[in-house]
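The values are calculated or read from the model by the stated rules, or taken from the named source; none is laboratory data. Since we're looking at a predicted model, the values are computed, not measured. When we count neighbours, we look across all protein chains shown, and the Cβ atoms used for this are built from the backbone with ideal geometry, even at glycine. Each accessible area value is taken on the protein alone, full model and side chains, heavy atoms only, with ligands, DNA and RNA left out. Shrake-Rupley method; radii C 1.70, N 1.55, O 1.52, S 1.80 Å.
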Amino acid sequence: MSTCQTNIDRDIVPLQPELSQQLHYSERLLKWNPYSKKNLALCYQFQTGRDGTPIRLIPDACIDFLFKCDRENPVAVVSGVQTAPRELVLAPDSVYFGFKPYSPKGMRPLGAAWHELTDAQISLEDDLRDAGWIAERLAAQETFDQRIAAIADFARLELTDDTYTPDFVELSELQLCQARGNIRMEAISDYTGYTGRYCREKFKEAHGISIKNYSSIMRFQNAVRMLFRQDDEASLSDIVFDNGYFDQSHLNREFRRFCGDTPLHFRREVLCRS
């Protein structure tokens, strides 16, 4: 399997604003799965500060592998898709490396199916026998590039499913992402040729969340992207209009649901950390 690193496309990167404020934060996209159409993963690395302040994570519809790169005590955890904000508590003065596949399609299940990990975090070794080597190997590397090469090897050996061929669920997922969540169920049904009920059932079976919830997360992620755009700070009315919210109250409700705060207060809090 060949893999390649790509330049960051800011319009498709899952955003974690508080995480990206950590020390020495770096990220890069990796094309890692030759069997899937949605074959990207975000590799990222950062160092925690001395105070051990919890980091707020927001929903981004992705699975996440997170490794503590400590040669004496390497740690590896995997998180399923999250549907609500959560606090990530990490060791102070430590280097962490993450691998975030954009889709479970084309991935082998671990000990638990991917949809069973929704809103859950488990030890990678508990879920995938003999997986401890990747945490140790990542901890032994010196650079971000070396860790990306190591995780590509791990993904090839442990995660890719060479029996998979892209199906209508993955095509639906791509359509939802391209539309930034603003698409009606009827359009997905027409596009796939299956009934809306069947599409909803199979999507939730694969992802652990409904199409409606996935669409809401896609729309929220794009709203966050607009909110934090550095070169052209968007107004709330622009965010409402461009992302299909009914009004500003609807936007505020979705932000409280997915990050626990209003848009402007969330932005102020994150920027105060920088």
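How far, in nm, would the chain grow between TYR35 and ALA140 when pulled straight, counting 0.36 nm per residue and subtracting the alpha carbon separation?
Details: separation 105, 0.36 × 105 = 37.80 nm, distance 2.95 nm.
So the extension gain works out to 34.8 nm.
For a test of the definition: using alpha carbon positions, the gyration tensor, and the 1.5 limit on a/c, classify the stretch 112-248 as rounded, prolate or oblate.
oblate
Which order, highest average first, do 209-220, 111-122 follow once you tally other Cβ atoms within 10 Å for each residue and take the mean per peptide? Don't skip to the end; give the middle numbers.
Working: 209-220: 20.9, 111-122: 15.7.
Highest to lowest by the protection proxy: 209-220, 111-122.
Place a +1 charge on the Cβ of each Lys and Arg in the stretch 164-234 and a -1 charge on the Cβ of each Asp and Glu, then give the dipole magnitude about the Cα centre in debye, rounded to the nearest 20. Working shown, then result.
Values: 10 positive and 10 negative charges, 53 e Å.
I would put it at about 260 debye.
Within 11 Å, Cβ to Cβ, of GLN21, how many net charges do the neighbouring residues add up to if Lys/Arg are +1 and Asp/Glu are -1? Walk me through the numbers on the way to the answer.
On the way: positive: ARG56, ARG273; negative: GLU18, GLU269.
Result for the neighbourhood of GLN21: 0.
Based on DSSP H runs of at least 4 residues, each adding -39500 (n - 2.57), what is the mean residue ellipticity at 222 nm of the chain after dividing by all its residues, to the nearest 500 deg cm²/dmol? Kindly include the intermediate steps, with their values, before the conclusion.
Numbers: 10 runs with 102 residues, N = 274.
When only DSSP H runs of four or more count, the value is -11000 deg cm²/dmol.
For GLN21 paired with VAL89, estimate the spin-label separation in nm (one decimal), with each label point 7 Å from Cα along the Cα-to-Cβ line.
Here the answer is 2.0 nm between the modelled labels.
Would the chain count as rounded, prolate or oblate if I go by the C-alpha gyration tensor, calling it rounded below 1.5 in a/c and otherwise prolate when a/b exceeds b/c, oblate otherwise?
Since a/c reaches 1.5 but b/c is at least a/b, the shape of the chain is classed as oblate.
Hey, got the dipole for the chain? About the Cα centre, +1 on K and R Cβ, -1 on D and E Cβ, debye to the nearest 20? Spell out each step's value before the answer.
Details: 33 positive and 40 negative charges, 101 e Å.
Taking the Cα centre of the chain as origin, the dipole is about 480 debye.
Just to verify a number: what accessible area does ILE188 come out at with the full protein assembly present, 1.4 Å probe, Å² rounded to tens?
Counting only protein heavy atoms, ILE188 exposes about 0 Å² to solvent.
Lysines near LYS105 by alpha-carbon distance under 18 Å, same-chain residues fewer than 8 away left out - which ones?
List returned: LYS31, LYS37, LYS38, LYS202, LYS204.
Given points 7 Å out from each Cα along the Cα-Cβ axis, report the ARG197 to ASP242 separation in nanometres with one decimal.
With each label point 7 Å from Cα toward Cβ, the separation is 3.9 nm.
Under 1.5 on a/c is rounded, so check that first for the stretch 186-274, then, if it is not, pick prolate when a/b is larger than b/c and oblate when it is not; a ≥ b ≥ c are the square roots of the alpha carbon gyration tensor eigenvalues. Mind dumping the intermediate values first?
Working: a/c = 2.69, a/b = 2.12, b/c = 1.27.
Prolate, because a/c is 1.5 or more and a/b exceeds b/c.
At what distance in nm do the modelled label points of GLN178 and GLU205 sit from each other, each positioned 7 Å from its Cα along Cα→Cβ?
Each label point is offset 7 Å from its Cα along the Cβ direction, giving 2.5 nm.
What does the charge count around LYS105 come to, taking other residues whose C-beta lies under 10 Å from its C-beta (Lys +1, Arg +1, Asp -1, Glu -1)?
Cβ neighbours under 10 Å give a net charge of -2.
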